[in-house]
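For reference, the structure is listed below as structure tokens.
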Amino acid sequence: MNFSFNAETAVNNAFQVAGAGAEAQAQALEEFEGFVRILREQGVDVTVIDDEPEPYTPDSIFPNNWVSFHQDGTICLYPMYAFNRRLERKPGVLQQLGQRFAISRTIDLSTYEQEGLFLEGTGSMVLDRERSLAYACLSPRTDLTVLEDFCVKMGYKPVVFTAVDGSGRAIYHTNVMMCVADRYVVICLDALPVAEERAFVQETISQSGKTIVTISLDQMNHFAGNMLQVENTAGEKLLVMSSQAYGSLNPEQIKQLASFNRIIHAPLTTIETNGGGSARCMMAEVHLEERL
């Protein structure tokens, strides 16, 4: 696993803070291994693919930005803002996954990089796979043209809005401010400054039949939006987040979320601080069918 503070992504990721220095790699590895262990203890089928030392990719711990996997056998490859993140699209990763899972189609959107247009996977988009909705807040890393191309090719409806942090700066990835689960959506509505867009997003969520669980800007800053609902081998739904995110939630929010599914959390402080991403960013959920 390669990991360090990435200056190329820090220019528009306000969640990143340089820290820990030379110790970051070792601390991040410890957090990563602990995270995998906790997931596996809860019966989650985790596929870990060891990174290669070259080319050096300091953010490869966040695979969901460059690739997504879909139930119809499709994989999508995405255009990345940072030059050194484009190197994460390593053929060996897909070759290893292809040995276990059936891949029938590849949609490669990475050519948009040549036009300076980006869409960083399920960081830029938060997908409601059941309802075929793609929620996305526009930013330097989330371009409307590429989003619409994805939606046409994959049969999704775009739900587009503006989202900003407490300083009025565009939120770099949608998945730090919202999470779509089977029966609910966690979202920081305070990050949506345009009233009409906020009402539109709320209406879209309500019409999809899901309960809205709101979080504050402060909770978003503690990665409470960067969650992912997964399913373990027993068919049980689990909501996965970092310990920092869990600690920021109030008792009422925890009770509400726990009424839908058990909550699993792990300490990821070094990864969150240096990388500007949390639990959800570390998981590229595989919806592909296993080979017979």
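The values are calculated or read from the model by the stated rules, or taken from the named source; none is laboratory data. Here the structure is a predicted model, which is why all the values come from computation and not from measurement. All Cβ positions, glycine included, derive from the backbone under ideal geometry; neighbour counts span all protein chains shown. The area values use the complete protein model at the heavy-atom level, side chains included, leaving out ligands, DNA and RNA. Shrake-Rupley method; radii C 1.70, N 1.55, O 1.52, S 1.80 Å.
Return the long-range amide H neighbours of Val213 (sequence gap of 5 or more, or a different chain), with a cut-off of under 5 Å between placed amide H atoms.
The list, which skips near neighbours in sequence, is Val185, Val186, Ile187.
Send over a whole-number figure in Å² for the accessible area per residue of the chain, probe 1.4 Å.
42 Å²
Working out 0.36 nm times the residue gap between Asp182 and Asp149, then minus their Cα-Cα distance, what length gain in nm do you get to one decimal?
Gain in length upon complete extension: 9.4 nm.
With springs connecting C-alpha atoms under 10 Å apart, model the chain as a Gaussian network and identify which of Ala24, Ala136, Ala258 has the largest mean-square fluctuation.
It is Ala258.
Can you list residues from other chains, or at least 5 along the same chain, whose modelled amide H is less than 5 Å from the amide H of Ser242?
Amide H neighbours of Ser242, under 5 Å, 5+ apart: Ala266, Ala279.
So what is the relative contact order for segment 126-236, in percent, with contacts set as C-alpha pairs under 8 Å and at least six apart?
In percent, rounded to a whole number, it is 25.
Using only alpha carbon pairs under 8 Å that are at least six residues apart, calculate the relative contact order of segment 200-292 and give it in whole percent.
Answer for segment 200-292 is 25 percent.
Provide the FRET efficiency to the nearest 0.05 for the Glu252-Glu33 pair, computing r from the beta carbons and using R0 = 35 Å.
Once the sixth-power term is evaluated, E becomes 0.60.
Please list 3J(HN,Hα) in residue order for segment 138-151, calculated via the Karplus relation 6.51 cos²θ - 1.76 cosθ + 1.60 where θ = phi - 60°; whole Hz, with x for glycine and proline.
So the J values, rounded to whole Hz, are 6, 7, x, 9, 9, 9, 5, 4, 5, 4, 5, 5, 4, 5.
Give, in nm to one decimal, the length gained when the segment between Arg86 and Asn232 is fully stretched (0.36 nm per residue of separation minus the Cα-Cα distance).
Gain in length upon complete extension: 49.5 nm.
Could you work out what % of the accessible surface of segment 180-228 is carbon and sulfur, using a 1.4 angstrom probe and leaving DNA, RNA and ligands out of the count?
46 percent
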